[in-house]
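Computed from the coordinates by the stated procedures, all read-outs in this text should not be read as laboratory data. Since the structure is predicted, the reported quantities are computational estimates derived from the model, not experimental observations. A quick note on method: Cβ atoms are made from the backbone with ideal geometry, for glycine too, and the neighbour counts reach across all protein chains shown.
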Amino acid sequence: MIFFKKKKQENEDILKDSLEKDLVKKNESEGIAVQEKENEKNINKSKLLEAQKIFEQGMVSVRDIISPSALKIEFDHIRLENKFVRTFYITTYPRYIYTNWLSPIINYDSSFDIALFITPMDSQAVLENLKKKVGEITSQIRIEQEKGKPRDPTLEYALQDVESLRDKLSTGVDKFFQVAIYFTLYADSLDALNVFVRRLETNLGGNLIYTKPASLRMEQGFTTGLPLGLDQLDVRRNMDTEALSTVFPFSTADLTQNQGILYGINKHNNSLVLFDRFQMENANMVVFAKSGAGKSYAVKLEAIRHLMFDTEVIIIDPEREYKLLAETLGGAYVEVSLNSNNRINPFDLPKVIDKDEGDPLRSAIINMHAILKLMFGELTAIEESILDKALIDTYSSAGITTDPATHDRPMPTMENLQRILAQTSGGQNMAIKLEKYTTGSFAGIFNKPTNVDIGRQLVVFDIRDLEDVLRPIGMHLVLNFIWNRVKQSKKRRILIVDEAWILMQHQDSAQFMFSVAKRARKYWLGLSTITQDVNDFLGDKYGKAIVTNSSIQLLLKQSSAAIDLVAQTFNLTQGERMTLLDAEVGTGLFFAGLNHVAIHILPSYLEHQIITTNPNEIAEKGESENF
């Protein structure tokens, strides 16, 4: 009986083992299937991620747009594509520093970044450190006194500063901060970068603020200067609230002086832009704007206000926009055209009051060369030599020599020059070209004695009715006539040349304008150059030089075609570019030296009635007067 029970138990155990093995095999097979499914799922996910990665490589991201194509890190600079970059940090500050000391640097006409990091500190911890510092300084002073050494002002001032800071921190008047300032400079060449660096170091060194380049750490310096909020250089100095307040460069731009005229309203803070252009290193001014932006309007307004300060104003008007101004204010109006009775003889000698100016006869002959080149076109060296001798003979035929006693005699005219050229070997061709100005279709305008007097305070030369071929000659002739009058006496004068791009189209007249711009300061003259064709003006080397020699620039609304050139010339920010593109009539940017503000030009009611060029307002005014 016991045997059968054992047998039965063994059979049950065998059956149980068999069932367990079958269950294990089943679980193993199911686990393998699950693992295979998981592996297949991972493989599909990996393929999907790889496909997505390949797809994203063909897309343009923000990082692709803003990142440079190449970056080369050197010992003391970084080559960032076509730019050279160098980062500086401030190491030393003086004991006292004036408010807004960063303003002259921010107004540099160059591109650079300033990174400012400010970290507040626990006042209690600072007070504990200052307490220890007071003990150290006091002990040092006592030791030196016991040794019989002379007093050390440095230690005494340091003790005063620490005690004063402790009082302010204890009463909560001041807080304590750690401040780091970094400059990242950009230039197109390494030489230009070195010049920029010396300029920055000189400006800061003059205020006893000393800097060092982030040598061997230029990459970290460049990253620190980016708008990422990362200070990877970590060169900090302690400052209290009062010292920190001097660091902030965010002061409102202001161009108000105690003297001068009102140019307009400062759009930054609604203050008045009062300025005297004759207080600058030179009184020259350029005005750039598209047609209808209000450039002539602004210049007229300036002229009216300068007249109230006994300034003489002379205007070259190519579009007859200043006739009403001259008639209303009792000025002289000179029309230069074929049908006008006003004549200016190009052979007139300048009345020189300065011995440094040289021989008047020689100056007149040189000027005649420039005018005749505009009439004849390009001349060969032989023709120029023949023309030079003919000019000397022309003056001699009228009894005028280098002797000043002969300079009061009647001047020769173009007809005299034509006769001498016709009788000179090799000059017959030039004499034929000159016929149209003496006896041809252009006769009378350039070959008659001068009958114009510009002795009034306001004089307008109207050249609107001059043919296009005669306009450069007429403007050059008028400019030279004005220049000769300017040299006779020194007083505050403004010479306004409207549509100056016309002169820039001819090298001789452009060179003459540049000469006036450079020499105007010597005679207390301010040259105002106005143009709407910015590309033609700035595309010429003399046009750029005139801008360089102008301390004041007025930029009004610009066209999208010209804004890039204007922005490059005046180093405008993106915000300033948009200001000029979206500007309303009579608004823009006013530059005076290193300072500039957004300006709104506002006249009084009576001034507006005199200077307006709006066709609708002029028509309404004419109808009311007729009525």
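Return the distance in nm (one decimal) between the two label points of a simple spin-label model at I118 and L49, each offset 7 Å from Cα along Cα→Cβ. Rounded to a tenth, the inter-label distance reads 4.5 nm.
When Lys and Arg each count +1 and Asp and Glu each count -1, what net charge do the other residues less than 10 Å away from T224, Cβ to Cβ, add up to? Summing Lys and Arg as +1 and Asp and Glu as -1 gives -3.
How big is the Kirkwood radius of region 127-207, worked out from every pair of different alpha carbons and given in Å to one decimal? The partial results should precede the final answer.
On the way: mean 1/r = 0.0602 Å⁻¹.
For region 127-207, the Kirkwood estimate is 16.6 Å.
If Rh is defined by the Kirkwood formula over all Cα pairs and Rg also comes from Cα, what ratio Rg/Rh do you get for region 71-245? Kindly include the intermediate steps, with their values, before the conclusion.
Numbers: Rg = 19.7 Å, Rh = 18.4 Å.
Radius of gyration relative to Kirkwood radius: 1.07.
With the gyration tensor restricted to C-alpha atoms of region 232-331, the semi-axes of the equivalent ellipsoid amount to 42, 16, 12 Å, longest first.
Of the peptides 209-216, 308-315, 123-130, 497-504, how do they stack up when ordered by the mean number of other Cβ atoms within 10 Å, highest first? Provide the component values of the computation, followed by the final result.
Values: 209-216: 16.2, 308-315: 19.4, 123-130: 13.6, 497-504: 23.8.
The peptides rank, most packed first, as 497-504, 308-315, 209-216, 123-130.
Can you give the Rg to Rh ratio for the chain, taking only C-alpha atoms and Rh from Kirkwood?
Numbers: Rg = 39.9 Å, Rh = 31.7 Å.
Rg divided by Rh gives 1.26.
In this structure, the pairs whose alpha-carbon distance is over 29 Å, taken from K267/K541; K267/K290; K300/K448; K433/K490; K351/K373, are K267/K541; K300/K448; K433/K490. If you look at the Cα atoms of region 471-623, you get an Rg and a Dmax of 17.0, 47 Å. Counting other Cβ atoms within 10 Å, which chymotrypsin sites (Phe, Trp or Tyr not before Pro) in region 99-179 have at most 16 and lie in a DSSP loop? Of the chymotrypsin sites (Phe, Trp or Tyr not before Pro), the ones in loops of region 99-179 whose Cβ has at most 16 other Cβ atoms within 10 Å are Y108. Taking every alpha-carbon pair in region 345-449 and binning the separations at 5 Å intervals from zero gives 2, 12, 24, 25, 19, 11, 5, 1, 0 percent.
Between Y96 and R320, the FRET efficiency from the beta-carbon distance, with R0 = 60 Å, is close to 0.50.
Just rank E136, E415, fewest to most, by other beta-carbon atoms within 10 angstrom. Kindly include the intermediate steps, with their values, before the conclusion.
Numbers: E136 13, E415 17.
Listed from fewest to most nearby Cβ atoms, that is E136, E415.
Among the lysines of region 71-245, pairs that are 8 or more positions apart or on different chains and have alpha carbons within less than 24 Å of each other number 13.
Distance from the C-alpha centroid of region 529-583 to that of region 144-221: 38 Å, rounded to the whole angstrom.
Which of the helices in the chain meet the span-like rule: DSSP H, Cα axial reach of 20 Å or more, Kyte-Doolittle mean at least 0.0? Please report the intermediate quantities before stating the final value.
On the way: long enough: 2-57 (81 Å, -1.22); 123-146 (34 Å, -0.65); 153-171 (27 Å, -0.56); 190-205 (22 Å, 0.26); 360-376 (24 Å, 1.04); 381-397 (24 Å, 0.14); 471-486 (22 Å, 0.47).
Both cut-offs are met by 190-205, 360-376, 381-397, 471-486.
Roughly speaking, what % of Cα-Cα pairs in region 393-545 are separated by over 26 Å, rounded to a whole number? Don't jump to the answer; show the numbers that get you there.
Values: 4497 of 11628 pairs.
More than 26 Å apart: 39 percent of the Cα pairs in region 393-545.
Pairs of Cα atoms under 8 Å, at least six residues apart: use those to get the relative contact order of the chain, whole percent.
Working: 930 pairs, mean separation 102.4, N = 627.
Dividing the mean separation by the residue count of the chain yields 16 percent.
Taking all Cα pairs closer than 8 Å and separated by 6 or more residues, the relative contact order of region 345-449 comes to 28 percent. Between the listed residues I315, G575, N203, the Cα displaced farthest toward the positive end of the dipole of the chain, a dipole computed from Cβ unit charges relative to the Cα centre, is found at N203.
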